[in-house]
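A short worksheet on the structure shown next.
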Amino acid sequence: MATTTSSLRLASRMHRLGTESAFEVLVRARALEAQGKEIIHLEIGEPDFDTPANIVEAATRALREGWTHYGPSAGLPQLRETVAEDVSRHLGINVDPAEVVIVPGGKPIMFFTMMALVEEGDEVLYPNPGFPIYESMIRCMGGKDVPYGLREDHDFDVNVDEIIEKLTDRTRLVIINSPHNPTGGVMERAEIARLAEALVDRDVFVLSDEIYDRLIYEGEHTSITQFPGMKEKTIILNGFSKTYAMTGWRMGYGVMRADLARQITLLMTNSNSCTASFTQIAGVEALRGPQDSVTKMREEFRRRREVIVNGLNRIPGFSCRQPHGAFYVFPNIRKTGKSSRAIADALLNEAGVAALWGTAFGDWGEGYLRFSFANSVENIKKALERIEAWTRKNL
């Protein structure tokens, strides 16, 4: 009997969603590996270290003790208290557990913040190049995406004057990210102070993505919440993935004023119910346990940073600034005369090196590539040899 398949009719918001190209490239790289090709993975933003043993043991113990049931939508009280203590200590601000919401990964904080605050047509300022989910979520919520540039000649720091110029009466949210993905840039304290001064008397919230805050190689992390009047206007996004090599555990958190936290909790109830209980017990151990693994990981990233920056600067057509945070480099490849997408595709298919094209992070990323140095020095050196051999043959 013949059947008729109708076309899928989707809500208009689905056509406004973007994607995260790192996962797209990972799938393509895995497919090439399945064909027998050796691929060096410099595309995915994931520490290559194992989760520290004390955290794994805490999760295992929690499973055995029965932490396998529903928990409160805002998170287990002991983890919210631990996060509040940790943020208070590191930033020198007073955070109450009622101002903390635990979520499965960092992205829900982006999504829930915009769902709670951004009306149709409201303007949201965000960095470009920048994490692609910012733009995707703004558009999905019906907001107007207003990019501000992060430019190489400014050492990939935020130009606060540009943000100020783009503020209007329709601006509802400003997104900042430091240390920054994809450039590795870190916002200077003086610039954050200027931004705080410009925003403190406006009816504008700030989403401050601080997921890489423990991966800074020069100086110290600064949060806009440390400036007068800004804590109650800011949502801090942070989590465990990068600092403790816990990407697969899916655990993040937001820090925000208590009345907004209650609304974000309501969105958690309606979407995920709660974050897995046993992972939250592991999160308590991550924050309260020994921190030597964090220091060791950061110092190893520092060593890798030197290798990849020096190596890229020796390759014809490439120039690379030294990033100050995170584990990414964002080399300029304009002198190659080719688009960033063309170079990234060729490196994957012909040289066996997986990287991301700059425009995966917004139109203003053209002329750049992003490499993650969350891989071994041995593999980074091998990748550099392949990239240099490919460029000398093809450019």
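Some values worked out for this structure:
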read-out: Entries in LYS37/LYS381; LYS144/LYS166; LYS37/LYS393; LYS166/LYS338 that, when Cα-Cα distance is taken, lie over 22 Å; value: LYS166/LYS338
read-out: Fraction of alpha-carbon pairs over 14 Å apart in the stretch 1-70 - percent; value: 79 percent
read-out: Computed log₁₀ I(q)/I(0) - Debye formula, equal Cα scatterers, no solvent, the stretch 319-395, q 0.14, 0.15, 0.24 Å⁻¹; value: -0.42, -0.48, -1.27
read-out: Most fluctuating residue given options VAL118, VAL329, VAL186, as computed from a GNM of the chain linking Cα atoms under 10 Å; value: VAL118
read-out: Of all accessible heavy-atom area on the chain, the percent that carbon and sulfur account for (1.4 Å); value: 49 percent
read-out: Qualifying GluC sites (Glu not before Pro) in the stretch 143-241, DSSP loop, other Cβ atoms within 10 Å at most 14; value: GLU218, GLU220
read-out: Net lengthening on full extension, GLU232/LYS335 (0.36 nm per residue, minus Cα-Cα); value: 32.5 nm
read-out: Three-way shape call for the stretch 141-187 based on the alpha-carbon gyration tensor, with the a/c threshold at 1.5; value: prolate
read-out: Ordering of 344-357, 53-66 by packing [mean C-beta count within 10 Å, highest first]; value: 344-357, 53-66
read-out: Residue-normalised accessible area of the chain, given per residue in Å² at a 1.4 Å probe; value: 44 Å²
read-out: Euclidean distance between Cα centres, the stretch 353-395 to the stretch 42-116, Å; value: 32 Å
read-out: Built amide H within the under 5 Å cut-off of PHE205, gap 5+; value: LEU173, VAL174
read-out: Contact order normalised by residue count of the stretch 207-265, Cα under 8 Å, 6+ apart, percent; value: 33 percent
read-out: From phi via Karplus (6.51, -1.76, 1.60), per-residue ³J(HN,Hα) for the stretch 357-370 in Hz, x at Gly/Pro; value: 6, x, 6, 5, 10, x, 4, 7, x, 4, x, 9, 10, 10
read-out: Whole-percent pair-distance distribution, where bins are 10 Å wide, for the alpha carbons of the stretch 134-265; value: 11, 41, 38, 9, 0
read-out: Spin-label model distance (nm) - ASN270 vs ALA258, 7 Å beyond Cα toward Cβ; value: 2.4 nm
read-out: Protection-proxy order for peptides 315-325, 288-298, each taking the mean of Cβ atoms within 10 Å per residue, highest first; value: 315-325, 288-298
read-out: Contact order relative to length of the chain, as percent, for alpha carbon pairs under 8 angstrom and 6 or more apart; value: 23 percent
read-out: Point-to-point label distance, LEU395-HIS90, nm (Cα→Cβ direction, 7 Å offset); value: 3.6 nm
read-out: Candidates TYR328, TYR217, TYR134, ranked by Gaussian network fluctuation over the chain, Cα under 10 Å, top entry; value: TYR217
read-out: Length added when fully stretched, ARG303-GLU165, from 0.36 nm per residue minus Cα-Cα; value: 45.8 nm
read-out: Size-normalised alpha-carbon gyration radius of the stretch 259-395, reference 2.2 N^0.38 Å; value: 1.39
read-out: Top of MET141, MET114, MET14 by mean-square fluctuation, Gaussian network on the chain, Cα under 10 Å; value: MET14
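The values are calculated or read from the model by the stated rules, or taken from the named source; none is laboratory data. This is a predicted model, so every value here is computed, not measured. Every residue, glycine as well, gets a Cβ built from its backbone with ideal geometry; the counts of neighbours run over all protein chains shown. With ligands, DNA and RNA removed, areas are computed over all heavy atoms of the protein, side chains included. Shrake-Rupley method; radii C 1.70, N 1.55, O 1.52, S 1.80 Å.
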